[in-house]
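Visitor: Take a look at this one; I'll ask things after.
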Amino acid sequence: MNPEIQRRRTFAIISHPDAGKTTLTEKFLLFGGQIQVAGAVKSNKIRKTATSDWMEIERQRGISVSTSVMEFDYQDYKINILDTPGHQDFAEDTFRTLTAVDSAIIVVDGAKGVETQTRKLMEVCRMRNTPVIIFVNKLDREGRDPFDLLDELEQELHIGVCPLSWPIGQGQKFRGVYNIYEQQLNLFTPDKQRVTEKVAVDIASAELDQQVGEAHAEQLRSDLELLESVYDPFAVDDYRAARRAPVFFGSALNNFGVQELLDTFVQIAPSPQPTTAEERIVEPDEKPFTGFVFKITANIDPNHRSSIAFCKVCSGKFERNTPYLHVRQGKTIRFSSPVQFMAQRKETVEEAWAGDIVGLPNTGNTFKIGDTLTSGETLHFRGLPSFSPELFKYIENADPMRTKQLERGIQQLMDEGVAQLFVNEFNNRKIIGTVGQLQFEVIQYRLEHEYNALCRWEPAHLYKACWISSDNEEQLQRFRQRKYQYIAHDREGRLVFLADSGYVLQMAQEDFPDIQFHFNSDF
C-alpha cells in the first residue's frame, strides 16, 4: 500500500454524554502539538474552551452538538479525529460519522460503567465491523472495581475485552497505571497540562514497592496474575477483526493514561479500509480518487455564511483544482479552495489521500449528505440513511420582515441533517421532525444567532413519519385521498405519511397491503 495511505489513522471518539470525549480529544491535540493549552468543556471567562466545541451554543451548554473534524501529525502518523456528540438527540450525526471512520475509541465513565448511549453506539460499530478501543476514564474519582467493569463491558457490549493497562488504586488512593503492553509503570501526578513520568520497573522487584507502596504493589501483582489466567494475550488481528477490544484506564482531565492510549492506538489501529459502493468494493490504494459526503455544516465562518461539505476520501489522491465528477448531478466540478480542519480553524490543502477528511465549499447547496465524488467512474456509496423522526413541531415565522432569512436558515440547517423538514400537502405548513427535544432549542438558537431570523414552535400531535412507496398506483391514490390531511413531502419531494398514533399506522398497513412504509429514507 502507498506509504501515505498506510500512515493515515481515521477514527471517531464516541460515548454516552459526559463520559469525557471532548476532554480526551483536547489531550490528543495537546500531544499532537496542535494546541499549547488544553481547553475545558465547561468554560468560564479565564479558562480556554475546548477546541472541538466551537459553536456558541456548545460553549454555553458545555456539550457537543455537532461532530468536529480535526487532523494532526503524531510521530510518523497522520491522525484524523472526529469528536462526536454524545447526547442521544444528536445520535444521527454520530451514526453518520461512523460511516466515515476506520476505527473508534469508546470512552466509558469509571464510576457509571456502560450507559444507554454507549450500547447503541456499540451496535452501530458492530453492524459496520468497526474495531474499537475502550478507554475507562475518570479514575481520579471514586469508581467501580476494574474487574467488575471488564465483566460489564463484555456482557453489555457483546465483545471480548483485553486490558492493556491496569489501574493502581483509584479516587483519593489513585497511584497510576501499569502499562501491560509496554511493561512500564506510569505514576500519577494530578496536572491538567503536563505529562506524567514513566518508570520501567520489574513487577517482581522491590522497586515497585518503593514507587507505589507495599499494599498497592501486592495488589497489583495479584491482579496481574489473575488477568493473565482469565484473559487471552492481546492479538492485533482479533482487534482489527472487531472480535476483541483493548481496554485502557486513565483520567483524560488530568492527562493521565492518554499518551499510552495514543501510542498504542497509532501502532495497532487499521490504516484506511476498503469501502463498499453499490457497484463494487473500492480499495483505498486504487489510483483514481473516490469519496463521499457524510456531513454538511453551515456557518463554520459566521462572517461569510459559508457552508462546508465534509468529504471522506475513500481511494486514491484528491488534488486541488482537479475536475471531479459529482455523480448525482452528473457534472464535473473543480475545487479551488478545499480545506482541512482543526475544528473551526481551517487551512487550504493541495492534496489529500485515502482516509483523510476534506472540507469542500458548498456554495449554492451543491451537495447533499451521501453524495459521491469520483475521478470519472459512476459509483454510489450507500449507508447514510435519515431515520424516521419521533418528535414533531410546526415551525412558524415570528418576524414577517425576516422571511427570507428564515427560509435560508431552515434550508441550510436541514442540509446539515440536524432535523427533517416536511411540508403538509393539505395546508402547506412546515413541520420539523427530530429525534430529540434538544434539537428544537438548537435550531431556534442557531436561526436567531446565525441567520438573524426568529421562529416560534407550535405543537404537532404526530406519532411517526414514514416514507411511502407502491407499485399499485390506484391503491396509492386511494390512500392519499383517505389520509389527505396527513400526507406530506420531504425535501426530495418524496411522499411521507404522518401517522398520528401507532394504532392508525398499524391499521393503514393492514388496509393497504400494496403500500410499503419505510422507517428510514434509504430505500
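Visitor: Put a dot 7 Å past each Cα toward the Cβ at residue 469 and residue 449; how far apart are the dots in nm?
Guide: With each label placed 7 Å out from Cα toward Cβ, I get 3.9 nm.
Visitor: Where the accessible area of segment 371-440 is counted over protein heavy atoms with a 1.4 Å probe, how much of it, in %, is carbon and sulfur?
Guide: The nonpolar share, carbon plus sulfur, comes to 50 percent.
Visitor: Filter the cross-link list 404/483; 120/404; 120/464 down to pairs whose alpha-carbon distance in this structure exceeds 28 Å.
Guide: Beyond 28 Å: 404/483; 120/404.
Visitor: Right, something else. If you stretched the chain out fully between residue 214 and residue 396, how much longer would it get, using 0.36 nm times the residue separation minus the C-alpha to C-alpha distance?
Guide: Length gained between residue 214 and residue 396: 58.7 nm.
Visitor: Could you give the length gained by full extension between residue 141 and residue 511, i.e. 0.36 nm per residue of separation minus their alpha carbon distance, to one decimal place?
Guide: Difference between extended and current length: 127.4 nm.
Visitor: Please compute the per residue accessible area over segment 454-523 with all protein chains in place, 1.4 Å probe, rounded to a whole number of Å². Can you show the working numbers first?
Guide: Numbers: 3940 Å² over 70 residues.
Computed with neighbouring chains in place, this is 56 Å² per residue.
Visitor: Right, here's the next one. Compare the peptides 350-362, 458-470, 249-261 by average per-residue count of other Cβ atoms within 10 angstrom and give them in order, highest first.
Guide: For the peptides 350-362, 458-470, 249-261, the packing ranking is 249-261, 350-362, 458-470.
Visitor: Now, a different point. At 1.4 Å probe size, with the rest of the protein present, what percent of the exposed accessible area of segment 242-324 is carbon and sulfur atoms?
Guide: Looking at segment 242-324 in its full context, I get 47 percent from C and S.
Visitor: While we're on this one: Would you work out if segment 358-501 is rounded, prolate or oblate? Take a ≥ b ≥ c from the square roots of the eigenvalues of the alpha-carbon gyration tensor; rounded if a/c is under 1.5, else prolate when a/b is larger than b/c, oblate otherwise.
Guide: It is oblate, given that a/c is not under 1.5 and a/b is not larger than b/c.
Visitor: Find the accessible area per residue for segment 108-165; the probe is 1.4 Å, ligands and nucleic acids are left out, and the unit is Å².
Guide: Working: 2340 Å² over 58 residues.
Roughly 40 Å² per residue, with all protein chains present.
Visitor: Given H placed 1.01 Å from N in the peptide plane, which residues other than close sequence neighbours of residue 417 have an amide H under 5 Å from its amide H?
Guide: So residue 417 has HN proximity to no qualifying residue.
Visitor: Let me ask you something else. What net charge is computed for the residues neighbouring residue 423, neighbours being all others with C-beta under 10 Å from the C-beta of residue 423, Lys and Arg scored +1, Asp and Glu -1?
Guide: +1
Visitor: Please compute the modelled spin-label separation between residue 278 and residue 426, points set 7 Å along Cα→Cβ, answer in nm with one decimal.
Guide: 3.4 nm
Visitor: Can you give me the distance in nm between label points at residue 111 and residue 482, each placed 7 Å from the Cα along the Cα-to-Cβ direction?
Guide: Distance between label points: 5.5 nm.
The values are calculated or read from the model by the stated rules, or taken from the named source; none is laboratory data. A quick note: this is a predicted structure, and the numbers were derived from the prediction, not measured. Reconstructed Cβ throughout: ideal geometry from the backbone, glycine too, with neighbour counts over all protein chains shown. Just so you know, the surface numbers come from the protein's heavy atoms only, side chains and all, with ligands and any DNA or RNA stripped out. Shrake-Rupley method; radii C 1.70, N 1.55, O 1.52, S 1.80 Å.
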